[in-house]
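The structure under discussion appears below in the form of structure tokens.
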Amino acid sequence: MRVKNKSIIVTGAGGGIGEGIALRLAAEGARVIVNDINAALGNKVVEEILRAGGDAAFFQADVTKSAEVKALVNAAVQRHGKLDAMVNNAGWTHRNRPALEVSEEEFDRCYAVNVKSIYLSTIHAVPAFRANSGGSFINIASTAGVRPRPGLTWYNGSKGAVITTSKSLAAELGPDNIRVNCINPVFNPTTGLAAEFAGGELTEERLAKFRATIPLGRFSTSLDVANAALYLVSDEAAFISGVCIEVDGARCV
């Protein structure tokens, strides 16, 4: 097993990409802390992992609240005796619309969930990594931070911030044997935010418009992203830090 006995937190793991990452890591031997703001969804993922013979526990926390992120990290350390990796997957977007029509409240929430969460995870997980002689952050950004398009301007900016911040942290934390990497997925119509990205109901016309921008001719899946996360958190990627892997079927080329 590629990540056997590694203690790993996955935020926003109650569904979509986060769920896929949690399931994949657990299947490869990780001891997973499933985090979500929705306890019912998070516990459902834990139950699925346990039924498959994996090791998982749920911890409810809002990734925009410092005290709750601190408690999340502490829970992993107390349960597993260490923290090896933290996958910052929790995210949010405003609806696809002109930049001037996005409310201040929507803007604030977008940056709190997508960017402040990275700050808080760094503040609270780095001491745990240092105590463990190293660790790994995997930040789920987006192709929107690499090749932005109209309609998601403030979301695009938040994901661009995640990418730049990850690279800077990789340079700063490298001497502590802490790796920081990004994954940039392309549109996935099965996630809970898909309709917001698309600007409304997922009609075949809207889906076809998105699909036409992807050279490999299909959307990303949670498993596609989970496989990238598995590699980055594994010892196979021990010398990989400060990179962004586009899981996008060549959309960003």
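Within the range 134-155, the set of residues being buried (at least 22 other Cβ atoms within 10 Å of the Cβ) and either over 18 Å from Gly12 (Cα atoms) or of a type in the set (Ser, Thr, Tyr) (or both) comprises Gly135, Ser136, Ser142, Thr143, Ala144, Gly145, Leu152, Tyr155. When Ala208, Ala212, Ala198, Ala226 are checked against the criterion of being within 19 Å of the chain's Cα centre (by Cα) and not polar (S, T, N, Q), Ala226 stands alone in meeting it. Looking only at residues in the range 95-126 that are among the polar types (S, T, N, Q) and within 20 Å of the chain's Cα centre (by Cα), the one that is farthest from Leu193 (Cα to Cα) is Thr122. Each residue in the range 139-169 was checked for being assigned to a helix (DSSP H, G or I) and touching a strand residue (DSSP E or B) at 6+ places or on another chain (Cβ under 6 Å), and 5 pass.
Restricting the first member to the range 172-190 and to residues that are touching a residue at least 40 places away in the same chain (Cβ under 8 Å), and the second to residues that are loosely packed, with under 15 Cβ neighbours inside 10 Å and in a helix (DSSP H, G or I), the beta-carbon pairs closer than 8 Å and six or more apart or on different chains are Asp176/Arg130; Ile178/Arg130.
Results for (1) assigned to a loop (DSSP other than H, G, I, E, B); (2) at pLDDT 95 or above; (3) crowded, with 21+ Cβ neighbours inside 10 Å, shown as yes or no for each residue.
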position: Gly174; (1), (2), (3): no, yes, no
position: Pro189; (1), (2), (3): yes, no, no
position: Leu202; (1), (2), (3): yes, no, no
position: Arg206; (1), (2), (3): no, no, no
position: Ile214; (1), (2), (3): yes, yes, no
position: Arg218; (1), (2), (3): yes, yes, no
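Within the range 53-77, the set of residues being over 16 Å from Val3 (Cα atoms) and part of a loop (DSSP other than H, G, I, E, B) comprises Ala61, Asp62, Val63, Thr64, Lys65.
Filtering the range 1-46 to residues that are at pLDDT 95 or above, in a loop (DSSP other than H, G, I, E, B) and either among the aliphatic types (A, V, I, L, M) or crowded, with 23+ Cβ neighbours inside 10 Å (or both) leaves Val3, Lys6, Thr11, Gly12, Ala13, Gly14, Ala30, Ile37.
The values are calculated or read from the model by the stated rules, or taken from the named source; none is laboratory data. Just so we're clear, the structure is a prediction, and the values are computed from it rather than from any experiment. Glycine also receives a Cβ, built like all others from the backbone with ideal geometry; neighbour counts cover every protein chain displayed.
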